[in-house]
Amino acid sequence: MTQRALIVIDVQNEYFPGGAWSLPDAPRTLPNILRLIEQARERGEAVVFIRHVTPENSPVFARGTPGSELRKELAVRAEDPVFEKSHPSSFQGTGLADWLAARGIKALDICGYMTQMCCDTTTREAYSRGYAVRLFSDATCAKNLEINGEVIPHTVVYKTHLASLSSFAKVVTTDKQ
C-alpha cells in the first residue's frame, strides 16, 4: 500500500466571515475538511497543515494577526507538521518535500483553500514531482475573480479549476474516495 498524507492548505480565519478574504463556501466546506482529517487519522496517515503568512504589515495573512491563524476546529496536534508558506505552492520554501520524502510518502490527498490558487498550484506541483494526487472537490472552495472589469463568480472559478486539475489529480468527494 502506498504511504499517503493529507495536506490541509490554508484553512485560516482570513477565509471565514469577518476575515479579509471571506470565501462564500468556506463555512460549508469546513465540515468536509474536518471529516478528511478524522479519516486520515483513523487510517494512521499523516495530516500536514499548511499556513500562509505574510509580513506583519500586510493586509491579509499578516503574521501575528487572528486572520493568519489556522481554524481552531482543525484541532492541530503537537505531532502534526505545520509548514508556513508565503507563495501559492505548499512546496516552495517550506521543507514539505523533504518531510514527505523522509517518510516515503508517495500519495497526497489535498484539501483547503483556495481552489484556484494554492490548491491549484500545490496539486500541479505535486503531480510534477511524481506524487499520486487526490483533490477533494467538496473540501475546497474559491472566490470571485475579476478581469477587465468582469466578475467571474466563485462557483464558475471553482468548477473551471477542478475541471482543469482533473488532468493532474483524481478529483473526488469526501464520500466517494
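No value in this document is a laboratory result; all are computed from the given coordinates. Quantities reported herein were computed from a predicted structural model and do not represent experimental measurements. Cβ: placed from backbone, ideal geometry, glycine included. Neighbour counts: every protein chain shown.
Only loop residues by DSSP count here, and only those with at most 11 other Cβ atoms within 10 Å; note down the trypsin sites (Lys or Arg not before Pro) in region 106-144 that meet that.
Hits after loop and neighbour filter: nothing returned.
Under the classification rounded if a/c is under 1.5, otherwise prolate if a/b is larger than b/c and oblate if not, where does region 36-100 fall, given a ≥ b ≥ c as square roots of the Cα gyration tensor eigenvalues?
Because a/c hits 1.5 or more and a/b fails to exceed b/c, region 36-100 counts as oblate.
Please state the charge dipole magnitude for region 4-172, taken about the Cα centre, from unit charges on C-beta atoms (+1 on K and R, -1 on D and E), reported in debye and rounded to the nearest 20.
Here the size comes out at about 440 debye.
Quick check on my link table: of K85/K143; K72/K176; K143/K170, which ones sit more than 24 Å apart, alpha carbon to alpha carbon?
Going by Cα-Cα distance, K72/K176 fall outside the 24 Å limit.
Between A20 and E84, what length comes free when the chain is fully extended (0.36 nm per residue of separation minus the Cα-Cα distance, one decimal in nm)?
On the way: separation 64, 0.36 × 64 = 23.04 nm, distance 1.90 nm.
The span from A20 to E84 would gain 21.1 nm if fully extended.
Go through [x] 0.94; [y] 1.11; [z] 1.02 and flag the label whose value is the computed Rg/Rh (Cα atoms, Kirkwood Rh) for this structure.
[x]
Test of the criteria: in region 1-86, which trypsin sites (Lys or Arg not before Pro) are in a DSSP loop and have at most 14 other Cβ atoms within 10 angstrom of their Cβ?
Details: sites: R4, R28, R35, R41, R43, R51, R63, R71, K72, R77, K85; in loops: R43, R63, R71, R77.
Passing both the DSSP loop test and the Cβ count: R43, R63, R77.
Between rounded, prolate and oblate, where does region 1-80 land on the alpha carbon gyration tensor, with a ≥ b ≥ c its root eigenvalues, rounded for a/c under 1.5, else prolate if a/b exceeds b/c?
Prolate shape, in that a/c is at least 1.5 and a/b is the bigger ratio.
Starting at the first residue of region 114-125, write each ³J(HN,Hα) from the Karplus equation 6.51 cos²θ - 1.76 cosθ + 1.60 with θ = phi - 60°, in whole Hz, x for Gly and Pro.
9, 3, 7, 10, 6, 5, 4, 4, 5, 4, 5, 5
Per residue of the chain, what 222 nm ellipticity follows from adding -39500 (n - 2.57) for every DSSP H run with n ≥ 4, rounded to the nearest 500?
For the chain, the value works out to -7500 deg cm²/dmol.
Which distance in nm do the two modelled labels at R77 and R103 give, with both placed 7 Å along the Cα-to-Cβ direction?
In this crude label model, R77 to R103 measures out at 1.1 nm.
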